[in-house]
Number of protein chains: 4
Amino acid sequence: MNHAELRAELHALHLELPKNSLVTWTSGNISARVDGGLLIKPSGVTFAELTPESMVATDLDAQVIEGDLSPSSDTATHAYIYRHLPDVGGIVHTHSPYATAWAATGHAIPCVLTAMADEFGGPVPCGSFAPIGGADIGQEVVRVLKGHRSPAIILQSHGVFTIGKTPLAALKAAVMVEDVARTVFLACQLAAARGVEVQTLAPADIDRLHHRYTHVYGQHQETP
Amino acid sequence: MNHAELRAELHALHLELPKNSLVTWTSGNISARVDGGLLIKPSGVTFAELTPESMVATDLDAQVIEGDLSPSSDTATHAYIYRHLPDVGGIVHTHSPYATAWAATGHAIPCVLTAMADEFGGPVPCGSFAPIGGADIGQEVVRVLKGHRSPAIILQSHGVFTIGKTPLAALKAAVMVEDVARTVFLACQLAAARGVEVQTLAPADIDRLHHRYTHVYGQHQETP
Amino acid sequence: MNHAELRAELHALHLELPKNSLVTWTSGNISARVDGGLLIKPSGVTFAELTPESMVATDLDAQVIEGDLSPSSDTATHAYIYRHLPDVGGIVHTHSPYATAWAATGHAIPCVLTAMADEFGGPVPCGSFAPIGGADIGQEVVRVLKGHRSPAIILQSHGVFTIGKTPLAALKAAVMVEDVARTVFLACQLAAARGVEVQTLAPADIDRLHHRYTHVYGQHQETP
Amino acid sequence: MNHAELRAELHALHLELPKNSLVTWTSGNISARVDGGLLIKPSGVTFAELTPESMVATDLDAQVIEGDLSPSSDTATHAYIYRHLPDVGGIVHTHSPYATAWAATGHAIPCVLTAMADEFGGPVPCGSFAPIGGADIGQEVVRVLKGHRSPAIILQSHGVFTIGKTPLAALKAAVMVEDVARTVFLACQLAAARGVEVQTLAPADIDRLHHRYTHVYGQHQETP
């Protein structure tokens with residue numbers, strides 16, 4: 001995929017963020033790894049104003065290579081993750097409401113749904129609070145997600161980062177983390193209101209579900 | 001209805017799932033009974049990518065008869081239900097959020113609304129946890145729904161299955177179960193927050209409402 | 001307005017019900033008073049299938065005058081209200097989720113917002129449980145709303161009825177009752193979670209707000 | 001920008017209110033400062049009926065200068081704010097549900113999210129209850145927001161006012177206040193249900209985040 005195609009894809013993926021109610025106004029961004037750097041949303045631009053051409057290319061020190069606009073103020077975070085996690089090809093950042101509510105309490109989202117075992121292979125971990133704009137958040141993301149099955153992390157008092165082999169895979173994780181954050185939220189409310197318990201999933205069941213989802217689920221032949 | 005028409009209808013019904021906010025990304029599926037088997041969604045395909053032609057035909061042992069793609073990883077569950085409930089012509093499976101929140105607590109949704117008495121004739125029952133991908137879930141669905149007035153079941157830690165004489169009837173049940181799961185959730189929250197009680201419906205009232213809905217409500221002449 | 005125009009208007013108003021998330025599948029209905037009777041939604045028909053021509057005309061004993069379909073199974077309720085409240089020209093019935101959650105607890109929605117004082121002039125009252133299909137619900141609606149400033153009532157374990165001089169006015173009340181039911185629900189949840197109180201509005205303030213809204217607010221000259 | 005352009009812009013911004021689920025039926029309004037006065041929504045008109053020409057021009061005593069319709073019944077409030085806060089060029093008023101739920105409890109929204117530190121520089125303050133239609137609300141808005149970093153205030157038992165250098169900036173604040181009101185609501189519910197705490201942000205972190213957002217974030221060169 002050349003840069004023009006990647007800009008078009010990254011633009012199209014950004015439009016999925018408001019469509020899935022994951023972002024508000026200009027917040028949230030997606031990046032894609034490219035040779036020698038990354039391509040990312042410009043800072044403070046609304047999703048309606050975005051164009052393929054407005055995406056900004058930077059190197060892995062977050063220095064602009066190509067683009068008329070300033071890159072996302074989270075660019076140093078994305079760059080740090082790409083430098084330290086070589087398998088990552090795409091990153092998504094949002095303040096999606098349910099996941100961010102969990103982040104505001106500083107607690108991981110417990111793995112109590114088969115859909116969570118499938119996609120995340122366990123709880124969605126919560127990283128410590130870190131200042132925005134520098135390498136700190138990147139360090140926390142890498143520290144927590146390295147060797148973890150979850151492609152998503154929530155960051156205390158802040159929001160969500162997800163990673164994937166491609167920007168599309170990271171987007172999927174961002175959509176799914178909000179979905180399960182909401183359902184588990186609702187389950188916790190219901191349990192508290194009715195004096196019952198949210199049922200736990202046994203670790204062996206989580207392992208089996210995650211293995212099935214990552215090895216059996218989906219299309220394993222080439223789809224036309 | 002021939003296979004081409006049924007594929008078109010099944011595709012159209014699948015599009016109702018995201019439209020009614022019952023599914024996220026690729027999760028959820030609908031099947032229709034056909035002569036000697038069933039027609040079902042392919043595995044791991046997003047709703048936007050679905051086409052009538054992508055629907056997969058299998059026999060009632062879940063072996064593919066026709067189709068280029070792998071069928072839903074829930075196909076063995078659907079097949080089991082069709083084998084054991086001869087009146088069922090359509091099945092819907094979702095992880096719709098409110099119903100799944102009830103499932104996460106492992107408790108049935110109590111019948112406290114006239115709309116529940118109408119459609120479900122009582123509580124929406126909750127089945128035990130069962131592993132995904134084999135006959136186990138199908139066995140649990142059949143065990144609980146056989147002889148039950150409810151066309152819907154929630155499965156602990158997992159989600160929703162609904163059955164109907166047609167795929168459309170099963171879809172209606174899937175839409176209605178999420179609707180009442182939400183309203184009863186809200187009622188429980190309100191009652192807990194205000195120190196009051198959710199009012200119960202008398203069994204005789206539930207019976208009368210269900211009888212009226214299934215015998216009087218709707219159009220009983222042929223509609224043009 | 002002749003019958004054809006009224007059918008077109010009533011059809012258009014029905015489409016506002018799903019657009020405002022007040023109804024699910026076939027539930028909910030609107031009627032308009034006409035000379036010698038009423039015009040109402042047919043029973044068990046989805047909103048997408050409705051047409052102006054499908055609306056059913058009945059007399060005030062709920063007997064069909066014109067129309068190929070069976071009228072809403074709530075027609076006797078609407079007819080009773082028109083017989084006993086001569087100023088009412090339109091009626092809306094829904095199971096909108098937040099208002100119905102209040103109804104499930106059997107408690108009125110307290111008047112704690114200026115928007116409630118404006119539109120309802122006080123709490124939204126809750127009527128007793130009554131069986132569906134006959135005059136019972138109509139009697140309860142008339143008993144509670146006669147002489148009440150609120151154009152909306154919630155009915156225990158069931159849903160909402162709203163009345164107005166026109167079907168449009170009743171629709172507005174149905175939209176507003178769900179809106180305030182949601183906001184007051186959220187306020188009660190927040191108060192309970194944080195150990196604070198929902199603030200009350202003084203009766204004199206409610207009176208002043210309601211007078212302003214019904215006498216000053218809006219356009220009192222003829223609008224072009 | 002001449003008056004015709006400003007009317008068109010103000011009309012377009014009004015359409016963002018229902019699109020962002022901030023308003024219901026006719027409630028909510030936006031104004032823009034113009035030479036010698038302001039331009040504002042007409043009273044009691046639905047958003048679908050609005051046109052650029054229907055916007056009403058008044059002087060800063062809320063007397064109509066131009067327009068066939070009566071101006072918003074909140075015009076005196078807007079006029080008071082423009083008279084006392086010379087930097088304000090646009091004002092938005094809504095009853096958006098989550099922010100209004102906070103207002104119903106009479107408590108400020110605590111600053112517990114980086115997105116709140118960014119946009120509001122601290123908690124969103126709550127003003128006292130004041131009658132609608134006169135200068136009282138304006139006085140409360142000015143008293144609380146003068147010298148405050150927050151462009152938004154919630155008013156007890158009522159709703160939200162936001163201010164900005166332009167109507168667009170005020171709209172952004174109205175969108176963001178509902179967004180954070182919702183996320184902090186969810187966090188409080190989650191904390192109460194699970195017996196944990198919503199994490200606080202240190203004042204120094206709030207200051208740093210607000211400085212970064214207002215000085216570094218976004219595009220500081222001229223964008224083409």
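What follows is calculated from the coordinates using simple rules that are stated; it is not laboratory data. Since we're looking at a predicted model, the values are computed, not measured. Cβ: placed from backbone, ideal geometry, glycine included. Neighbour counts: every protein chain shown.
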### Task
Would you be able to tell me the number of residues in the range D:60-81 that are within 14 Å of chain C (Cβ to nearest Cβ) and either β-branched (V, I, T) or in a loop (DSSP other than H, G, I, E, B) (or both)?
11
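Among the residues of the range D:44-80, write down those that are aromatic (F, W, Y) and over 25 Å from D:G127 (Cα atoms).
Of the range D:44-80, the ones aromatic (F, W, Y) are D:47, D:80.
Within the range D:44-80, D:F47 is the sole residue that qualifies.
May I ask you to verify whether C:A108 is in contact with a Cys (Cβ under 8 Å, 6 or more places away or on another chain), surrounded by fewer than 24 Cβ atoms within 10 Å (Cβ to Cβ) and small (G, A, S)? Talk me through it step by step, then tell me what you get.
Working: in contact with a Cys (Cβ under 8 Å, 6 or more places away or on another chain): yes; surrounded by fewer than 24 Cβ atoms within 10 Å (Cβ to Cβ): yes; small (G, A, S): yes.
It is true that C:A108 is in contact with a Cys (Cβ under 8 Å, 6 or more places away or on another chain), surrounded by fewer than 24 Cβ atoms within 10 Å (Cβ to Cβ) and small (G, A, S).
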### Task
List the number of the failed condition for B:V180; all other conditions in (1) crowded, with 18+ Cβ neighbours inside 10 Å; (2) touching a strand residue (DSSP E or B) at 6+ places or on another chain (Cβ under 8 Å); (3) not in a helix (DSSP H, G or I) hold.
(3)
### Query
If you check every pair at least six apart or on different chains, which have Cβ atoms under 6 Å apart with a residue in the range A:105-134 that is within 23 Å of D:T183 (Cα to Cα) and more than 9 Å from every other protein chain (Cβ to nearest Cβ) first and a residue that is of a type in the set (F, W, Y) and buried (at least 22 other Cβ atoms within 10 Å of the Cβ) second?
A:I109/A:W102
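Would it be correct to say that B:I154 is more than 14 Å from chain C (Cβ to nearest Cβ), in contact with a Cys (Cβ under 9 Å, 6 or more places away or on another chain), surrounded by 24 or more Cβ atoms within 10 Å (Cβ to Cβ) and not in a loop (DSSP other than H, G, I, E, B)?
Details: more than 14 Å from chain C (Cβ to nearest Cβ): yes; in contact with a Cys (Cβ under 9 Å, 6 or more places away or on another chain): yes; surrounded by 24 or more Cβ atoms within 10 Å (Cβ to Cβ): yes; not in a loop (DSSP other than H, G, I, E, B): yes.
Here the answer is yes, as B:I154 does meet what is asked.
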## Note on the structure
The one condition B:K172 fails out of (1) part of a helix (DSSP H, G or I); (2) under 12 Å from the mean Cα position of the chain (by Cα); (3) touching a residue at least 60 places away in the same chain (Cβ under 8 Å) is (3)
## Note on the structure
Scanning the range B:181-219 for residues that are more than 7 Å from every other protein chain (Cβ to nearest Cβ) and over 30 Å from A:A192 (Cβ atoms) gives B:A204, B:D207, B:H210, B:H211, B:Y213, B:T214, B:H215
### Message
Being within 15 Å of the chain's Cα centre (by Cα) and within 30 Å of B:F185 (Cα to Cα) is the requirement here; does B:H93 meet it?
### Response
yes
### Which numbered condition C:R194 misses (of (1) among the charged types (D, E, K, R); (2) under 21 Å from the mean Cα position of the chain (by Cα); (3) farther than 30 Å from C:Y80 by Cβ)
(2)
### Every residue from the range D:116-131 that is more than 14 Å from the chain's Cα centre (by Cα) and crowded, with 24+ Cβ neighbours inside 10 Å
D:M116, D:A117
### Query
What pairs can you find where one residue is in the range C:14-31 and free of Cβ contacts under 8 Å to residues at least 12 places away in the same chain, the other is surrounded by 20 or more Cβ atoms within 10 Å (Cβ to Cβ), and their Cβ atoms are less than 9 Å apart, with a gap of 6+ or different chains?
none
### Message
Please verify whether A:H220 is under 23 Å from B:P131 (Cα atoms), loosely packed, with under 14 Cβ neighbours inside 10 Å and not acidic (D, E), treating the condition exactly as stated.
### Response
yes
### Query
How do the pairs read when you match residues in the range D:52-74 that are at positive phi with residues anywhere that are assigned to a strand (DSSP E or B) and surrounded by 14 or more Cβ atoms within 10 Å (Cβ to Cβ), using Cβ under 6 Å and keeping only pairs 6 or more apart or on different chains?
D:G67/D:V56; D:G67/D:A57
